[in-house]
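Below is one structure; the comments refer to it alone.
Just so it is clear, none of the values below were taken in a lab; they were calculated from the coordinates. Quick caveat: nothing in here was measured; it's all calculated off a predicted structure. Cβ placement follows ideal geometry from the backbone for every residue including glycine, while neighbour counts extend to all protein chains displayed.
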Amino acid sequence: MARTEPLNVFFLGSGIFAVPVLEALVSSPRIRVTGLATQPDREAGRHRQLTPTPLGRRADEMGLACLRTKSVNTPEFLDTVRKASPDVVVVVSFGQLLKEELLSLPRLGCFNVHASLLPRYRGASPIVTAVLNGDEVSGVSFMRMEKGLDTGPVYEMHRCPVPPEMTADELERTLSALAAEKIESCLLRLDAGEVTAVPQGEEGVSVAVKIRKSDGAVDWREDAVALARKVRAYHSWPSMSFRFSRKNRVVNVKIMRASWTSWESPDAVPGKFIAYSNNKMMISCGKGSLVVERILPEGKKEMPVADFLNGSRIAVGEVLLNGRDDLPS
């Protein structure tokens with residue numbers, strides 16, 4: 001018999017990736033969000049102000065009651081979920097591990113949206129890892145959660161192409177929109193018994209990289225292909241940066257847009273500014289050259305390379321410094 005009442009969903013989310021998915025569920029007449037929780041507000045910025053998660057901020061804007069919780073596994077929180085009577089708990093970019101009592105609480109279990117084609121890139125940063133590896137195809141997986149990290153059986157996977165110049169931020173927006181488009185149908189078919197969770201195979205299992213602040217330090221000895229991918233992967237954080245010396249001080253510069261070329265100057269050494277053409281600076285790497293288009297100098301706004309060169313007086317032939325790799329994670 002077809003369901004006449006909306007499907008009750010308790011939603012757990014924190015990151016920006018979760019926002020379009022929540023919006024899609026709230027706007028669906030066939031879904032009822034009976035509960036919502038996110039990570040606690042945290043201090044952020046120069047003035048250390050308490051700041052909500054992206055999901056928490058959006059829930060506040062939508063007028064939705066959104067719990068802030070340090071742990072979803074406490075007896076108090078489990079009681080909150082029970083009182084909400086969810087058919088399913090949907091977990092998207094949340095940031096906490098769910099224990100067995102919560103995993104088995106809803107009738108349809110806990111349903112996770114993961115931003116990779118599982119079992120590829122289990123873990124917390126699959127989107128960044130896909131860009132770092134130069135993947136041409138990515139996607140989202142809908143799975144039933146179990147105690148292992150992203151090891152549960154998969155209901156559905158939806159694929160999308162990854163253009164060669166796409167940043168991790170852009171891929172995140174693309175994948176979250178894809179998940180938002182597909183999730184209602186999958187949940188309703190799950191409720192109707194029309195979709196089956198298929199166990200993940202052992203072939204192709206990989207774990208997403210753990211990102212540290214020090215990963216944003218440019219090392220000009222690296223391959224230009226790898227550096228260009230890092231610029232796109234670490235675009236929002238930690239951002240790839242190099243340094244140069246001026247007037248007895250060292251200035252830090254973030255690279256915001258770059259590509260690569262296989263061309264190399266005969267007398268080049270890693271970090272040497274070897275050419276300037278079409279408002280782009282070409283910098284020699286361990287193999288090939290990085291072609292930099294936009295940068296963000298320390299204490300200033302993002303700008304085209306032409307504006308940066310006018311102000312910094314960096315000239316062709318100068319050797320630039322690596323970024324700092326001693327920053328705390």
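Side notes on the structure shown:
- Among HIS114, HIS158, the order by Cβ neighbours within 10 angstrom, fewest to most, reads HIS158, HIS114.
- The smallest convex shape that holds all Cα atoms of the stretch 102-240, its convex hull, gives 115 Å³ per residue.
- Calculated SAXS-style log₁₀ I(q)/I(0) at q = 0.15, 0.21 Å⁻¹ - the stretch 1-71, Debye, Cα scatterers: -0.52, -0.87
- Dimensions in Å of the stretch 170-320 - Rg and Dmax from alpha carbons: 21.0, 70
- At R0 = 22 Å, FRET efficiency that the Cβ-Cβ distance of ASN133 and GLU203 yields, to 0.05: 0.80
- Difference of contour (0.36 nm per residue) and Cα-Cα distance, VAL26 to ALA192: 57.8 nm
- Ordering ASP267, ASP60 by the number of other Cβ atoms within 10 Å of each residue's own Cβ, fewest first, gives ASP267, ASP60.
- Helix-only [θ]222 nm of the chain, DSSP H runs n ≥ 4, -39500 (n - 2.57) each, per residue, nearest 500: -7000 deg cm²/dmol
- Aspartates and glutamates whose Cα lies under 19 Å from that of LYS300, excluding same-chain neighbours fewer than 8 positions away: none
- Take every pair of alpha-carbon atoms less than 8 Å apart whose residues are at least six positions apart; their mean separation over the length of the chain yields a relative contact order of 14 percent.
- Using a Förster distance of 25 Å, the FRET efficiency for SER185-TRP237 (Cβ separation, nearest 0.05): 0.15
- Which of ILE295, ILE314 has the fewest Cβ neighbours within 10 Å, and the rest in rising order: ILE314, ILE295
- Peptide packing: for 268-277, 175-184, the average count of neighbouring Cβ atoms within 10 Å per residue gives the ranking 175-184, 268-277, highest mean first.
- Cα gyration tensor shape of the stretch 7-191, rounded if a/c is under 1.5, else prolate or oblate by comparing a/b with b/c: oblate
- FRET efficiency, 1/(1 + (r/R0)^6) with R0 45 Å, evaluated for SER262 and ARG46 via beta carbons: 0.60
- Cross-linked pairs LYS70/LYS210; LYS70/LYS254; LYS213/LYS272; LYS247/LYS272: Cα-Cα separations exceed 29 Å for LYS70/LYS254.
- Highest to lowest packing among 34-44, 61-71, scored as the average C-beta count within 10 Å: 34-44, 61-71
- Span from the the stretch 179-198 Cα centroid across to the the stretch 1-58 one, whole angstrom: 19
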